[in-house]
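Read the structure below first, then the notes.
The values are calculated or read from the model by the stated rules, or taken from the named source; none is laboratory data. Since the structure is predicted, the reported quantities are computational estimates derived from the model, not experimental observations. So basically every Cβ, Gly included, is an ideal-geometry build from the backbone, and we count neighbours across all protein chains shown.
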Amino acid sequence: MTDYAAGLDKALQALHDEGRYRTFIDIERRRGQFPHAVWTRDDGSEQEITVWCGNDYLGMGQHPLVLSAMHEALDATGAGSGGTRNISGTTVYHKALEAELADLHAKEAALVFTSAYIANDATLSTLPKLFPGLIIYSDALNHASMIEGVRRNGGAKRVFRHNDVAHLRELLAADDPDAPKVIAFESIYSMDGDFGPIAEICDLADEFGALTYIDEVHAVGMYGPRGAGVAERDGLMHRIDIINGTLAKAYGVMGGYIAASAKMCDAVRSYAPGFIFTTSLTPSIAAGAAASVRHLKTDQALRDLHQDRAAVLKLRLRGLGLPIIDHGSHIVPVHVGDPVKCKMISDRLLSDHGVYCQPINFPTVPRGTERLRFTPSPVHTPPMIDALVHAMDDLWSHCALNRAQAAG
Ligand SMILES: Cc1ncc(COP(=O)(O)O)c(C=O)c1O
């Protein structure tokens, strides 16, 4: 008979052996005091910390408008939605959120999912059902949710080297000109904070008759005059067929979506199991997300402050000679290049300085490129930046790491 416990032991041990076993840090954020939180250690003791690796990029998770919209919806309609979208789980809150998102991206429609992971996976795995013979061209560094969607869809896939439009062109040119095609990529890749070549990819899509699918998860709320993302900032939104975004990062709540033509959303709505066979978002979440999207359409000052804080942190770290990876986005990765030292700095930041920044090691990033990835936000004040910079200065010396510039 199968020894199931032994099977689990073996699987877990393999992760320990490879240094890939993950432990969670138990934190509780304090509303009104972001980015402060309380860390509860395994022994039950508590420490005040500053979160430096969160994805609530603008601090919207504590915004009064978002919270009051959530409270109102909760009091009005109760806890859950009570059903799938098709069977009693579509409410005015879901419809209002989708209308807000369609307007944000200047598309005819939007479709809300329980997360952007599900939105990517469900949409990309459904497209070949809609376009038989579809070939998906996928950037090599696309997020796991896109990789999963592409892998499971049973259609043909081509992986192009990261941001390499010449390679993408080669792959497109080698395929049947009449085959339906979609190019799937991101606007900001979150591990390096680099931008995708949106205009060049749209040009190739036009030339080869392909659809474009962009993941703007690390850009929505933060880029573009109304926060619709990098494609909006660059005047390219109309050239993208399907835009994917999250409501969980800059919008500070939870959920994901696609925005596209009415027909595209109707077809995905009708064919994607990940949309159909699952309970819809809780109305209070939909209400909070809609309030956040609505607010950020006009709060350019918050976007400017976000970019300012990121620029200051980069300048300060660069001033110490620390190898930051800087592509001009809001994400600030510091290249450590050694998994043990990366973890050690992260541990010491937390225990000695109350600074929480999760180490990013293999397999999330390639071996030798281990890093700390800081995410400054408008709620990270200049004194907090000061404290972080001094802590990094000390620990960098303590670990005898080089002070050299990484290639931008
Ligand atoms: C590029 C990218 N796409 C999609 C997702 C999934 O978003 P969500 O957290 O809404 O599932 C993430 C990370 O969470 C991401 O980094």
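Among all residue pairs at least 6 apart or on different chains, which show Cβ distances below 8 Å where the first residue, located in the stretch 110-132, is under 11 Å from Arg152 (Cα atoms) and not assigned by the TED database to the domain that holds Gly154 and the second is at pLDDT 95 or above and more than 9 Å from the ligand (Cβ to nearest atom)?
Once the first residue is under 11 Å from Arg152 (Cα atoms) and not assigned by the TED database to the domain that holds Gly154 and sits in the stretch 110-132, no partner that is at pLDDT 95 or above and more than 9 Å from the ligand (Cβ to nearest atom) comes close enough.
Can you pull out the residues in the stretch 224-251 that are within 14 Å of the ligand (Cβ to nearest atom) and part of a loop (DSSP other than H, G, I, E, B)? Before you say what the answer is, go through the steps one by one.
Our first condition is that a residue be within 14 Å of the ligand (Cβ to nearest atom); within the stretch 224-251, this holds for 229-230, 242-251.
Within the stretch 224-251, Gly229, Leu247, Ala248, Lys249, Ala250, Tyr251 qualify.
Answer with yes or no whether His380 is in the same structural domain as Glu46 (by the TED database), closer than 15 Å to Arg316 by Cα and not in a helix (DSSP H, G or I). Walk me through it before giving the result.
Details: in the same structural domain as Glu46 (by the TED database): yes; closer than 15 Å to Arg316 by Cα: yes; not in a helix (DSSP H, G or I): yes.
For His380, the condition - in the same structural domain as Glu46 (by the TED database), closer than 15 Å to Arg316 by Cα and not in a helix (DSSP H, G or I) - is met.
Give me the pairs: first residue in the stretch 39-56 and β-branched (Val, Ile, Thr), second residue in a loop (DSSP other than H, G, I, E, B), beta-carbon distance under 7 Å, and six or more apart or on different chains, which are they?
If the second residue must be in a loop (DSSP other than H, G, I, E, B), the pairs left are Thr40/Asp26; Ile49/Gly354; Thr50/Pro35; Thr50/Gly354; Val51/Pro35.
Looking at the stretch 189-223, which of its residues are closer than 18 Å to Gly149 by Cβ, in a strand (DSSP E or B) and within 14 Å of the ligand (Cβ to nearest atom)?
Matches in the stretch 189-223: Tyr189, Tyr213, Ile214, Asp215.
Return yes or no: is Ser280 crowded, with 24+ Cβ neighbours inside 10 Å, more than 29 Å from Pro128 (Cα to Cα), assigned by the TED database to the domain that holds Val217 and of a type in the set (S, T, N, Q)?
Details: crowded, with 24+ Cβ neighbours inside 10 Å: yes; more than 29 Å from Pro128 (Cα to Cα): no; assigned by the TED database to the domain that holds Val217: yes; of a type in the set (S, T, N, Q): yes.
So Ser280 fails the test.
Yes or no: Gln33 assigned to a loop (DSSP other than H, G, I, E, B) and either basic (Lys, Arg) or out of contact with any strand residue (DSSP E or B) (no Cβ under 7 Å at 6 or more places or on another chain) (or both)?
Numbers: assigned to a loop (DSSP other than H, G, I, E, B): yes; either basic (Lys, Arg) or out of contact with any strand residue (DSSP E or B) (no Cβ under 7 Å at 6 or more places or on another chain) (or both): yes.
For Gln33, the condition - assigned to a loop (DSSP other than H, G, I, E, B) and either basic (Lys, Arg) or out of contact with any strand residue (DSSP E or B) (no Cβ under 7 Å at 6 or more places or on another chain) (or both) - is met.
Table: residues versus (1) over 30 Å from Thr84 (Cα atoms); (2) within 16 Å of the ligand (Cβ to nearest atom); (3) surrounded by fewer than 22 Cβ atoms within 10 Å (Cβ to Cβ).
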| site | (1), (2), (3) |
| --- | --- |
| Asp121 | no, yes, no |
| Leu127 | no, no, no |
| Leu130 | no, no, yes |
| Leu134 | no, no, yes |
| Leu141 | yes, yes, yes |
| Ala144 | no, yes, yes |
| His167 | yes, no, yes |
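Being under 26 Å from Gly224 (Cβ atoms), in contact with a Phe, Trp or Tyr (Cβ under 8 Å, 6 or more places away or on another chain) and in the same structural domain as Val182 (by the TED database) is the requirement here; does Glu98 meet it? Reasoning before the result, please.
Values: under 26 Å from Gly224 (Cβ atoms): yes; in contact with a Phe, Trp or Tyr (Cβ under 8 Å, 6 or more places away or on another chain): yes; in the same structural domain as Val182 (by the TED database): yes.
The answer is yes for Glu98.
Any idea which residue in the stretch 326-349 is farthest from Pro383 (Cα to Cα), counting only those that are aliphatic (A, V, I, L, M) and surrounded by fewer than 21 Cβ atoms within 10 Å (Cβ to Cβ)? First the steps, then the outcome.
Looking only at the stretch 326-349, we keep the residues that are aliphatic (A, V, I, L, M), and these are 331-332, 334, 336, 340, 344-345, 349.
Still in the running and surrounded by fewer than 21 Cβ atoms within 10 Å (Cβ to Cβ): 340, 344.
Working: Val340: 29, Met344: 24 Å.
It comes out as Val340.
For the stretch 176-195, does any single residue satisfy the condition of being free of Cβ contacts under 8 Å to residues at least 12 places away in the same chain, in the same structural domain as Ala122 (by the TED database), surrounded by fewer than 20 Cβ atoms within 10 Å (Cβ to Cβ) and aliphatic (A, V, I, L, M)?
Among the residues of the stretch 176-195, not one is free of Cβ contacts under 8 Å to residues at least 12 places away in the same chain, in the same structural domain as Ala122 (by the TED database), surrounded by fewer than 20 Cβ atoms within 10 Å (Cβ to Cβ) and aliphatic (A, V, I, L, M), which makes the answer no.
Could you please tell me which pairs satisfy a Cβ distance under 6 Å, a separation of 6+ or placement on different chains, a first residue in the stretch 1-17 that is without any contact (Cβ under 8 Å) to a residue 60 or more places away in the chain, and a second residue that is surrounded by 11 or more Cβ atoms within 10 Å (Cβ to Cβ) and not in a helix (DSSP H, G or I)?
Leu15/Tyr21
Which residue, of Leu247, Leu236, is assigned by the TED database to the domain that holds His71, closer than 23 Å to Leu296 by Cα, in contact (Cβ under 8 Å) with a residue 40 or more places away in the chain and touching a helix residue (DSSP H, G or I) at 6+ places or on another chain (Cβ under 8 Å)?
Details: Leu236 fails: in contact (Cβ under 8 Å) with a residue 40 or more places away in the chain.
It is Leu247.
In the stretch 357-374, what count of residues is obtained for those that are under 16 Å from the mean Cα position of the chain (by Cα) and of a type in the set (D, E, K, R)? Lay out the reasoning, then the answer.
Quick first cut of the stretch 357-374, residues under 16 Å from the mean Cα position of the chain (by Cα) only: 358, 360, 364-365, 373-374.
Subset that is of a type in the set (D, E, K, R): 373.
Number of matching residues: 1.
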